[in-house]
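Below is one structure, written out as structure tokens, with a few remarks after it.
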Amino acid sequence: MEREALTIRFPSELLAKARKIKESSESFNDLIVEALEREVRRRRALSAHQRIITRSETVKARTGTQATSTDIIRSLRSGEGRRD
């Protein structure tokens, strides 16, 4: 992975909190990189979820609300409509 130098300014209160939770064997850079990776994954997942919702709303608008199949399944299970 290629590394690139970047200067980021953090609020001092946030830095103090981060230093308190950072493990002694962990570098501050590792903590920040891990947190940023988690945030990127979270935002990608949120974006994918939103696309799914939007597409399902589009399909629902085009096809309308589908009737529930519960009653049909129950009648088939009870033997109604079966041929012997």
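The values are calculated or read from the model by the stated rules, or taken from the named source; none is laboratory data. The structure displayed is predicted, hence computed values, not measured ones. Using ideal geometry, Cβ is built from the backbone for each residue, glycine included, and neighbour counts are taken over all protein chains shown. Just the protein is used for accessible areas: all its heavy atoms, side chains included, with ligands, DNA and RNA removed. Shrake-Rupley method; radii C 1.70, N 1.55, O 1.52, S 1.80 Å.
Nearest 20 debye, what's the magnitude of the dipole of the chain about its Cα centre given +1 on Lys and Arg Cβ and -1 on Asp and Glu Cβ?
The dipole of the chain has a size of about 360 debye.
Computed from the alpha carbon positions, the gyration tensor of the chain leads to an equivalent ellipsoid with semi-axes of 55, 18, 12 Å, biggest first.
The protection proxy used here, the mean number of other Cβ atoms lying within 10 Å of each residue, ranks peptides 26-37, 63-74 as follows, highest first: 26-37, 63-74. Averaged per residue, what accessible surface does the chain expose to a 1.4 Å probe, in Å²? For the chain, the per-residue accessible area is 100 Å². Taking 7 Å steps out from each Cα toward its Cβ at Arg44 and Glu4 produces label points 1.7 nm apart. Treat each spin label as a single point 7 Å out from the Cα along the C-beta direction, and report the Ser69 to Ile52 distance in nm. Going by the 7 Å Cα→Cβ label model, 1.9 nm.
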